[in-house]
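So the structure is just underneath, and the comments pick up after that.
The values are calculated or read from the model by the stated rules, or taken from the named source; none is laboratory data. What you see is a predicted model; the values in this text were computed from it and never measured. With ideal geometry, Cβ positions are generated from the backbone for all residues, glycine too; neighbour counts draw on all protein chains shown. For accessibility, only protein heavy atoms count, side chains too; no ligands or nucleic acids. Shrake-Rupley method; radii C 1.70, N 1.55, O 1.52, S 1.80 Å.
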Amino acid sequence: MNFCILFTFAMLLFWVARQQKRTKFPLLRKFPGYSIGLISGVFGVVLMLKSIHVGSAIIIDGRMVVLALSGLFGGPVAPIIAGTIMGMARILVNEITWPAIIAGTNTIIIGLIIGLVARRIPITFQNAWKYFAYTTIQTVLVIGSLSFANEFVAGRGAVFILYSVISFAIVYVTLLKMDQLSREVEQIEQHSSTDYLTGIPNNRKFEERFYNWRQERERFHLAVLDIDYFKRVNDTYGHPTGDLVLVELADRLKRTTTSFGGEVARIGGEEFGVLLSATTTHHALEQAELLRKSVDSIRFQLPEGLELRVTVSIGVACYPDDAEAMPDLYKKADERLYDAKLGGRNSVRISS
């Protein structure tokens with residue numbers, strides 16, 4: 001039962017650590033170390049309530065495993081908080097005795113030392129066992145100090161070490177594998193939402209952000225831009241050079257949109273989409289002009305000293321005036337892009 005509680009804690013701790021950036025709970029999002037320390041302390045108390053009694057004054061549980069793991073996911077502050085909660089509970093939950101006071105104080109000291117050391121040497125999967133080894137050694141010494149003449153000290157210490165090591169090893173390996181799988185999943189998710197060439201969001205991610213903007217804002221604009229005469233670049237200099245132009249263009253657009261709180265994505269080929277934070281037609285034109293000038297103002301530097309002038313045509317539509325759904329709004333912006341192409345290119349056209 002004690003081990004099941006410990007294993008449940010490990011799974012919950014891993015989930016909480018991975019949800020920090022996505023959670024809606026302000027405490028967990030703003031103070032992850034304090035939250036994980038609090039959760040760890042509570043689980044430590046539960047472990048003590050279901051502890052294994054060895055002798056008249058000694059109880060064995062997974063407290064020390066919890067302390068090491070709390071620092072792994074919550075940083076230096078987590079073991080300090082967790083150790084304090086566990087230590088106070090060890091003293092106060094049952095009858096207040098000298099063995100309880102010594103054991104509780106030991107837990108508090110261990111949490112404090114782990115936290116202080118972790119400020120200089122952060123706890124990772126590579127060195128977590130060293131912190132756990134420290135907690136085990138110090139606790140064995142405390143168990144020895146609490147022993148009575150008629151009880152076998154070495155036996156108690158061996159039981160504690162055996163249980164702690166087995167528990168830590170199983171939980172550690174499980175968490176390590178889960179962490180590896182989690183990172184692989186994150187990479188897959190990132191690749192599925194990122195354009196492979198330019199590194200900016202792709203069309204799938206762009207639609208997701210559009211709907212996020214629609215929930216958060218009453219009004220904004222969508223710009224669709226296209227490189228003028230891009231086929232000539234590929235035909236004249238080759239597709240590798242065309243790819244370099246796309247990468248440089250994406251970088252310029254990303255830097256420019258950051259200046260006014262916009263978002264850019266590669267929709268496909270030489271076409272890019274930009275969410276403009278502007279709420280009025282006038283400001284939308286200003287932001288779209290910033291994008292156009294960021295491309296036209298400085299020639300693109302290509303290999304072998306080649307300089308290439310690149311321009312873009314931009315069409316802009318307004319949410320919700322022109323349309324509310326993404327496909328309809330995109331169609332409106334694309335129509336304005338076509339107008340910009342017919343009007344001589346290297347220009348901006350907007351619905352009004």
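Below is a table of values for the structure above.
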item: Test: residue in the range 161-169 that is under 22 Å from the mean Cα position of the chain (by Cα) and in contact (Cβ under 8 Å) with a residue 12 or more places away in the chain; result: no
item: VAL54 vs. criteria in contact with a helix residue (DSSP H, G or I) (Cβ under 7 Å, 6 or more places away or on another chain) and either under 19 Å from ARG119 (Cα atoms) or modelled with pLDDT of 75 or more (or both); result: no
item: Subset of the range 334-350 (residues that are open to solvent by 50 Å² or more (accessible area, probe 1.4 Å) and on the phi > 0 side of the Ramachandran plot); result: GLY344, ARG345
item: Residue list for the range 180-213, filter: open to solvent by less than 60 Å² (accessible area, probe 1.4 Å) and within 15 Å of the chain's Cα centre (by Cα); result: SER182
item: Subset of the range 288-317 (residues that are in contact with a Lys or Arg (Cβ under 7 Å, 6 or more places away or on another chain) and either more than 23 Å from ARG204 (Cβ to Cβ) or of a type in the set (Gly, Ala, Ser) (or both)); result: SER294, VAL295, ARG299, GLU307, LEU308, ARG309, THR311, SER313, GLY315, ALA317
item: Any hit, the range 111-120, residues being open to solvent by 40 Å² or more (accessible area, probe 1.4 Å), modelled with pLDDT of 90 or more and charged (D, E, K, R); result: yes
item: Residues that are under 16 Å from ALA133 (Cα atoms) and assigned to a helix (DSSP H, G or I), drawn from the range 60-82; result: ARG63, MET64, VAL65, VAL66, LEU67, ALA68, LEU69, SER70, GLY71, LEU72, PRO79
item: Among (1) within 18 Å of GLY104 (Cα to Cα); (2) at pLDDT below 85; (3) surrounded by 13 or more Cβ atoms within 10 Å (Cβ to Cβ) - the single one SER145 does not satisfy; result: (3)
item: Residue check for LEU162: in a helix (DSSP H, G or I), open to solvent by 40 Å² or more (accessible area, probe 1.4 Å), out of contact with any Ser or Thr (no Cβ under 6 Å at 6 or more places or on another chain) and at pLDDT 90 or above; result: no
item: Selection status of ARG204, modelled with pLDDT under 90, touching a Ser or Thr at 6+ places or on another chain (Cβ under 7 Å) and part of a helix (DSSP H, G or I); result: yes
item: Given (1) in contact with a Lys or Arg (Cβ under 6 Å, 6 or more places away or on another chain); (2) at pLDDT 95 or above, index of the condition VAL274 fails; result: (1)
